[in-house]
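Before any comments, here is the structure.
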Amino acid sequence: MKRVAFFCIPAHGHTNPMLPVAAELVKRGNTVRFYSFDEFKDKINATGAAFISCDAYLPELSEQEKAGLKNVSTTEMTVQDIRITLGMDSYLEEEFKSFRPDVIYTDSVCFWGKLNAWKHHVPMVVSTSTFAFNQLSSQYMKNTPKEMADMILGLPRVSKELKKLEPYGYHVKGALSLVQSDNQTDSIVYTSRRFQPYAESFSDHYAFVGPSVFSNVVPEKTKERPLVYISLGTVINDRPDFYTKCIEALRDQNVDVIISCGNAVNRGSLGVLPDNIHVYPYVDQLDILSKADVFITHCGMNSVSESLYMAAPMVLYPQTSEQKAVARRVMEIGAGTALNDDSVDGIRASVHEILSNSDYGKAAEVCSTDFRSCTGAAGAAEFIENAPHASNGLDIIGELNKTTVRFHFIYWAITVAVIMLIGFLISWEYVWIIGIAAGILFYPISRVIQKRKYTSILHKIQQ
């Protein structure tokens, strides 16, 4: 039996998938200590794991920092993760000496879990609550100008915080090394290989175990009239304007509506509700989704996974680049439609689109069958127990990187040669145009080369 230390950030979307895994490990006779935060205490205790409170190590935040976290600022989240790591250093130093974990199971963006695994040389398995993102699947991420500005302008601040880790024995090349997926790190991904973009590019170090859910409920859609469920998750859910439009859009429709809006929204601010619409702070989401015919969602990975697990097609309303990646994949498999127009008429039209076209429901049913065929929490627990793992398969990303390096060298060598040739033989006056054109064309050409190489590798593997 193993001693397993769980680490996670204070976020429902990251903690919830780990809970069934903790319960399964405990059931199999392992000792699990779950380092988390007081708001998750009851849920963690219910798994049988030992809950260890980390609230004392949360730094006090300024109003500006609170706003940054609320708006899902990558810079702010990175800075606060580093500060929590420093705050917990001496405490975890003693914990590792006394508990002596055999393996660490840490959320992919929980820096103090990853850094302490490296520092204390303990085998680590990463919990990936969304898609696994490498240089191929990250193409699904479309950062907004605001998100790009946040990351670029925040680099000096992040670099300054990272330097503070060195004296404590945490050696980090950069923030990217703390969050990126690679083919050498054992990782559990809470989706199926079918749903994961570019699944073939991930090595045997990845276990795609399907959604991690605490439910044996099966979809049951038989009822008098369709059920529409609406939720924007637990982070960016303070949207009374959106809920009001949903109510107006569906108040006179032949559907029942359940809205879960969290505690951030005052139910009274939504006005007098018609008989077919009910609003709650929280609901049993899996139970509701098992009956729902349409789910209007922010496209968080947990919510989408639970929706597909329960064969509920979706109206997709993503708020962040990560959620947009998930939404894109749902549309690719045909289980949802994008809410590009969030007006009253747009919401009504999107719900009608799902209800009037059975193809969406059929696609969700196919994905439900796929998810339910995965190994689930039992597979995740076995993967953790047997860590660290070896990989005997081909490292596709490694092969692509070799091609990329060769392409970079050849491309810029040719560019320089053309500039020199034109400069010497014709004129140096306008050679700068060639340099600019080469810079503009570099990325799209690189993508084409990479895609062709990827297709070629897959063809060889399948032969």
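The values are calculated or read from the model by the stated rules, or taken from the named source; none is laboratory data. Keep in mind the model is a prediction, meaning the values are calculated, not measured. Methodologically, a virtual Cβ is constructed for each residue, glycine included, from the backbone with ideal geometry; neighbour enumeration extends over all protein chains shown. In case anyone asks, the SASA skips ligands and DNA or RNA and just uses the protein heavy atoms, side chains included. Shrake-Rupley method; radii C 1.70, N 1.55, O 1.52, S 1.80 Å.
Along its three principal axes, how long is region 228-380 when you only count alpha carbons? Whole Å, largest extent first please.
Principal extents (Cα only, largest first): 46, 31, 29 Å.
In the structure shown, do any of Lys142/Lys173; Lys114/Lys164; Lys97/Lys119 have a Cα-Cα gap over 18 Å, and if so which?
Result: Lys142/Lys173 exceed 18 Å.
Among all stretches of the chain without exposed chymotrypsin sites (Phe, Trp or Tyr not before Pro) (DSSP loop, at most 15 other Cβ atoms within 10 Å), which one is longest?
Working: sites that count: Phe214, Tyr282, Trp428, Tyr430.
It works out to 1-213.
What does the net charge come to around Met1 if you take all other residues with beta carbon closer than 15 Å to its beta carbon, with K and R at +1 and D and E at -1? Numbers along the way, then the final one.
On the way: positive: Lys2, Arg3, Lys27, Arg28, Arg33, Arg100; negative: Glu24, Asp102, Glu382, Glu385.
For residues surrounding Met1, the net value is +2.
Carbon and sulfur atoms: what percent of the 1.4 Å accessible area of the chain do they account for?
56 percent
What does the accessible area per residue of the chain come to in Å², with a 1.4 Å probe and no ligands, DNA or RNA counted? Present the calculation step by step, with values, prior to reporting the outcome.
Numbers: 22140 Å² over 463 residues.
Here the residues of the chain average 48 Å² of exposed surface.
What shape does region 1-156 have by the C-alpha gyration tensor, where a ≥ b ≥ c are the square roots of the eigenvalues, rounded means a/c under 1.5, and otherwise prolate means a/b greater than b/c and oblate the rest?
In terms of gyration-tensor shape, prolate.
If Lys and Arg each add +1 and Asp and Glu each add -1, what is the summed charge of the other residues whose beta carbon sits under 12 Å from the beta carbon of Leu270?
Surrounding charge for Leu270 is +2.
What percentages make up the Cα-Cα pair-distance distribution of region 372-463 when the bins are 5 Å wide from 0?
2, 10, 14, 12, 11, 11, 10, 8, 6, 5, 4, 3, 2, 1
Grab the DSSP H runs of the chain that are 4 residues or longer, score each as -39,500 (n - 2.57), total them, divide by all residues and round the 222 nm result to the nearest 500 deg cm²/dmol.
The helix contribution divided over the chain gives -15500 deg cm²/dmol.
Summing +1 for each Lys or Arg and -1 for each Asp or Glu, what net charge is found among the other residues whose Cβ lies under 15 Å from the Cβ of Arg251?
Here the count lands on -2.
Considering only Cα-Cα distances, which of the following residue pairs are longer than 20 Å: Lys324/Lys362; Lys223/Lys362; Lys245/Lys362? Could you put the intermediate results ahead of the total?
Numbers: Lys324/Lys362 22 Å; Lys223/Lys362 18 Å; Lys245/Lys362 28 Å.
Result: Lys324/Lys362; Lys245/Lys362 exceed 20 Å.
Could you name the aspartates and glutamates whose alpha carbon sits less than 12 Å from that of Lys43, not counting residues in the same chain fewer than 8 places away?
Partners within reach: none.
State the three equivalent ellipsoid semi-axes of region 96-242, derived from the C-alpha gyration tensor as the square roots of 5 times its eigenvalues, in descending order and whole Å.
Result for region 96-242: semi-axes of 33, 23, 17 Å.
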